[in-house]
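Novice: Take a look at this one; I'll ask things after.
The values are calculated or read from the model by the stated rules, or taken from the named source; none is laboratory data. Just so it is clear, the model here is predicted, and its values are computed rather than measured. Positions of Cβ are generated from backbone atoms using ideal geometry, with glycine treated the same way; all protein chains shown enter the neighbour counts.
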Amino acid sequence: MSKRSVSGLALLAAVLAASCGSPDAAKPGPVPGQVKRDAAVYIKGSPTSAEADFLAVDLTGLEKPASPLEFTKFFHLPPVQQGDTGTCWAFAATSLLESELRRQGKPEVKLSELHTVYWEYVEKARRFVREKGHSFLGQGSEPNSALVRIKQYGLVRGSDYTGLMDGRTAHDHRALFREFRDYLNGLASRGDWDEARALAGVRAILDRHLGRPPERIAVDGRSLTPLQYLAELGLVPDDYAAFVSFLYLPAYAKGEFKVPDNWWRSADFHNLPLHEFSLAFLRALRKGYTATLAVDFSEPGYLGAGDVAVVPTFDLPPSSIDPSSRELRFANGTTTDDHAVHCVGYLESAKGNWFLIKDSWENAWWGRAKGYFFYHTDYVRLKALMFMVHKDAVKDVLEKFAAR
């Protein structure tokens with residue numbers, strides 16, 4: 001998923017509660033039987049913002065989980081930051097596979113996100129050349145593309161390849177991607193479509209910024225290629241399925257997820273009615289599986305300092321969240337494919353379900369639950385565009401596609 005401006009990601013520093021009367025006057029309480037309505041307040045958009053200029057929901061009185069400890073949690077490695085990059089898709093997919101190893105009874109392994117990123121950049125360049133410049137160039141992608149790349153190039157451990165050069169401890173791909181994009185656009189301007197020469201130039205840029213990926217790694221005294229190591233781990237990239245819920249596709253049919261980060265225009269997304277999309281996601285978690293999500297994170301209810309993602313009633317009341325309201329927001333651009341995360345737990349309650357989200361973007365460290373968000377079920381229904389999970393978690397759902 002490509003990173004969007006953090007101006008839409010809020011730090012809730014203090015509730016702004018102004019009264020027209022005396023400072024000591026009591027605030028009016030809720031009227032019995034009246035539907036709760038959320039209030040909007042202006043807050044700082046990030047810890048470094050100079051002004052409170054971001055319109056957000058006032059979280060006063062919101063009943064939400066206090067910590068990740070309240071959730072039914074599944075194994076996952078600690079959250080790590082993606083830095084100043086648009087590579088959340090790789091962090092989410094890699095985290096999913098790390099959890100899958102333990103779910104399948106295998107040893108804990110920290111895998112390399114940047115090994116997959118390196119080869120994704122190479123394949124983006126290859127498609128750009130083959131399409132003669134008519135292919136999207138951005139840092140973002142989708143988690144299922146990470147699996148395609150892993151199937152093609154294999155896996156290595158995080159210690160085998162960090163993508164950090166010259167003693168750096170944080171990822172920053174701004175300079176890398178400027179050079180990458182300028183190089184390819186330069187080829188396009190000259191009509192130079194020699195693929196081998198183009199990829200050699202791209203790899204020289206990547207090697208300079210990220211380092212060259214290892215051709216072989218040492219594992220228990222053996223020398224393995226990344227593809228051999230993938231086989232050794234027993235992870236099968238084809239064992240995962242991605243789901244969406246759109247009105248522009250027929251129900252129970254596969255089609256294209258029409259967003260820029262689906263840069264290779266994959267049509268391997270399974271389209272479900274919204275109620276079944278939400279239920280399949282929840283049921284997968286109940287069975288002990290984790291899943292990646294593609295979400296919109298530039299919203300008044302997406303608040304890093306509060307650790308939450310909710311849909312304020314001034315945006316849309318819960319009763320109005322349905323396939324049409326969801327589709328409208330996607331069609332008019334108010335719901336965008338911003339970010340990828342890994343769902344590692346859930347909490348069911350009478351007042352709505354919550355999902356524990358492991359996140360790699362910086363705003364997940366602004367609140368108390370460092371590296372995590374708590375997504376309300378309404379947020380998933382309205383703003384989660386895609387989820388990806390092991391096929392065994394959704395066998396009954398996939399049968400409906402096979403029957404068509």
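Novice: For the range 76-121, what are the residues that are free of Cβ contacts under 8 Å to residues at least 60 places away in the same chain and of a type outside the set (A, V, I, L, M)?
Specialist: As a first pass, look at the range 76-121 and keep what is free of Cβ contacts under 8 Å to residues at least 60 places away in the same chain: 77, 90, 94, 98, 102, 105, 107-108, 110-113, 116, 120.
94, 98, 102, 105, 107, 108, 110, 112, 113, 116, 120 - these are the residues of the range 76-121 that are free of Cβ contacts under 8 Å to residues at least 60 places away in the same chain and of a type outside the set (A, V, I, L, M).
Novice: Take the residues of the range 235-261 that are buried (at least 17 other Cβ atoms within 10 Å of the Cβ) and not hydrophobic (A, V, I, L, M, F, W, C): which is farthest from residue 394 (Cα to Cα)?
Specialist: Per the criteria, the residue is 261.
Novice: Criterion first (without any contact (Cβ under 8 Å) to a residue 60 or more places away in the chain, part of a helix (DSSP H, G or I) and either aromatic (Phe, Trp, Tyr) or farther than 25 Å from residue 258 by Cβ (or both)) does residue 192 satisfy it? First the steps, then the outcome.
Specialist: Details: without any contact (Cβ under 8 Å) to a residue 60 or more places away in the chain: yes; part of a helix (DSSP H, G or I): no; either aromatic (Phe, Trp, Tyr) or farther than 25 Å from residue 258 by Cβ (or both): yes.
No.
Novice: Looking at the range 350-376, which of the residues that are out of contact with any Pro (no Cβ under 9 Å at 6 or more places or on another chain) and closer than 22 Å to residue 283 by Cβ is surrounded by the fewest Cβ atoms within 10 Å (Cβ to Cβ)?
Specialist: Looking at residues that are out of contact with any Pro (no Cβ under 9 Å at 6 or more places or on another chain) and closer than 22 Å to residue 283 by Cβ, I get 350.
Novice: Follow-up question, since we're still on this one. Please go through (1) hydrophobic (A, V, I, L, M, F, W, C); (2) touching a Gly at 6+ places or on another chain (Cβ under 8 Å); (3) buried (at least 17 other Cβ atoms within 10 Å of the Cβ) for residue 165 and return the number of the only condition it doesn't satisfy.
Specialist: Looking at each condition in turn, residue 165 falls short on (3).
Novice: When you check residue 372 against the structure, is it hydroxyl-bearing (Ser, Thr, Tyr), touching a residue at least 24 places away in the same chain (Cβ under 8 Å), over 17 Å from residue 298 (Cα atoms) and in contact with a helix residue (DSSP H, G or I) (Cβ under 8 Å, 6 or more places away or on another chain), yes or no?
Specialist: Values: hydroxyl-bearing (Ser, Thr, Tyr): yes; touching a residue at least 24 places away in the same chain (Cβ under 8 Å): yes; over 17 Å from residue 298 (Cα atoms): no; in contact with a helix residue (DSSP H, G or I) (Cβ under 8 Å, 6 or more places away or on another chain): yes.
Answer is no for this residue.
Novice: Would you confirm whether or not the range 333-350 contains a residue that is of a type in the set (D, E, K, R) and within 16 Å of residue 244 (Cβ to Cβ)?
Specialist: For the range 333-350, residues of a type in the set (D, E, K, R) and within 16 Å of residue 244 (Cβ to Cβ): present.
Novice: Related question: Can you spot a residue in the range 312-327 that is in contact with a strand residue (DSSP E or B) (Cβ under 7 Å, 6 or more places away or on another chain), within 24 Å of residue 356 (Cα to Cα) and either not hydroxyl-bearing (Ser, Thr, Tyr) or not in a helix (DSSP H, G or I) (or both)?
Specialist: yes
Novice: Evaluate the following for residue 331: is it assigned by TED's automatic domain parsing to the domain that holds residue 257, among the aliphatic types (A, V, I, L, M) and in contact with a Pro (Cβ under 8 Å, 6 or more places away or on another chain)?
Specialist: In short, no.
Novice: Right, something else. Select from the range 49-66 the residues that are under 17 Å from residue 356 (Cα atoms) and either of a type outside the set (A, V, I, L, M) or surrounded by 17 or more Cβ atoms within 10 Å (Cβ to Cβ) (or both) and list them in ascending order.
Specialist: 63, 64, 65
Novice: Please go through the range 163-214 and pick out each residue that is on the phi > 0 side of the Ramachandran plot and either at pLDDT 95 or above or among the aliphatic types (A, V, I, L, M) (or both).
Specialist: 163, 191, 211
Every residue, every condition in (1) more than 20 Å from the chain's Cα centre (by Cα); (2) at pLDDT 95 or above; (3) not aliphatic (A, V, I, L, M); (4) not assigned by TED's automatic domain parsing to the domain that holds residue 94, yes or no:
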residue	(1), (2), (3), (4)
228	yes, yes, yes, no
246	no, yes, yes, yes
251	yes, yes, no, yes
256	no, yes, yes, yes
